[in-house]
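What follows is one structure encoded as structure tokens, with my remarks underneath.
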Amino acid sequence: MTFECDPPPVFVSWPLDLMLGKAPESLRRAIEVALSSGHVMTPRQQMAYDLFGASFFTVTADARFMMLMMAVETLIEPQPRADDVRRHVFSLIETTERSGLDPAEVQWLTGSLRWLLIDSISRAGRRLARSLGDRRYMSEPAEAFFSHCYDMRSALVHGQLPRPSRDEVDIRAASLEG
């Protein structure tokens, strides 16, 4: 199969013997320091690290950005909502269960309502971003940067038109890497 593309493809010759771009000694020291710290990653942190690392091997800006956002989202831990909100949601669940609707609809609705018992990913992500303090990304406070990235992620995942431009996604991905 062939596809028209712009700019046209460029072919290069690459030697078969590859080499690590870091000085081996400094890499060895960095690994030793990491191991001697005694810190063991949680499964959540390990998944985020794996996604972060995998983002360097994606070809497109969209895929790289999505991998980086997944890495961040893996670190998000939604918290239960306030007690009064939870009581209200439980009352909605009970009302739905007694509604007489088709059982499949009741199950679908109550399943969706149960998600309202905890923070949304967006809200919990903003809380995680606030933990970065005064850091700025693309001249934005961390919380605003996360919100813009989350909106872009949603636009890409849900096919919003017009799609964010490749340049816009690439610039956000480069900043998100930090």
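The values are calculated or read from the model by the stated rules, or taken from the named source; none is laboratory data. Given the structure is predicted, the values throughout are model-derived calculations rather than measurements. Cβ atoms come from the backbone with ideal geometry, glycine included; neighbour counts cover every protein chain shown. In case anyone asks, the SASA skips ligands and DNA or RNA and just uses the protein heavy atoms, side chains included. Shrake-Rupley method; radii C 1.70, N 1.55, O 1.52, S 1.80 Å.
Among the residues in segment 135-143, are any within 13 Å of the chain's Cα centre (by Cα), among the hydrophobic types (A, V, I, L, M, F, W, C) and under 18 Å from Ser55 (Cβ atoms)? No, the conditions are met nowhere in segment 135-143. Within segment 11-41, restricting attention to residues that are surrounded by 10 or more Cβ atoms within 10 Å (Cβ to Cβ) and under 22 Å from Leu68 (Cβ atoms), the residue that is modelled with the highest pLDDT is Met41. Flag: Asp170 does not match the condition of being of a type outside the set (Lys, Arg), without any contact (Cβ under 8 Å) to a residue 12 or more places away in the chain and assigned to a helix (DSSP H, G or I). Within segment 107-118, residues that are open to solvent by 50 Å² or more (accessible area, probe 1.4 Å) have Cβ atoms under 9 Å from residues that are in a helix (DSSP H, G or I) and among the β-branched types (Val, Ile, Thr) in these pairs: Leu109/Ile93; Leu109/Thr96; Arg114/Val89; Arg114/Ile93; Leu116/Val85; Leu116/Val89, counting only partners at least 6 apart in sequence or on another chain. Leu109 meets each of the listed conditions (1) modelled with pLDDT under 95; (2) of a type in the set (A, V, I, L, M); (3) more than 30 Å from Asp170 (Cβ to Cβ) apart from (1). Across segment 19-42, not a single residue is classified as in a helix (DSSP H, G or I), β-branched (Val, Ile, Thr) and under 15 Å from Ile121 (Cβ atoms). Considering (1) of a type in the set (Gly, Ala, Ser); (2) more than 20 Å from the chain's Cα centre (by Cα); (3) closer than 24 Å to Ile118 by Cα, the lone condition that Ala48 does not fulfil carries the number (2).
Please go through segment 49-78 and give me each residue that is open to solvent by less than 80 Å² (accessible area, probe 1.4 Å) and assigned to a loop (DSSP other than H, G, I, E, B), ordered by number. Of everything in segment 49-78, those that are open to solvent by less than 80 Å² (accessible area, probe 1.4 Å) and assigned to a loop (DSSP other than H, G, I, E, B) turn out to be Thr58, Thr60, Ile76, Pro78. Considering Ser175, Ser122, Ser91, Ser147, the condition of being among the small types (Gly, Ala, Ser), loosely packed, with under 13 Cβ neighbours inside 10 Å and part of a helix (DSSP H, G or I) is satisfied by Ser91 alone. When Asp134, Asp83, Asp102, Asp167 are checked against the criterion of being within 30 Å of Pro7 (Cα to Cα), out of contact with any Leu (no Cβ under 9 Å at 6 or more places or on another chain), among the acidic types (Asp, Glu) and loosely packed, with under 13 Cβ neighbours inside 10 Å, Asp167 stands alone in meeting it.
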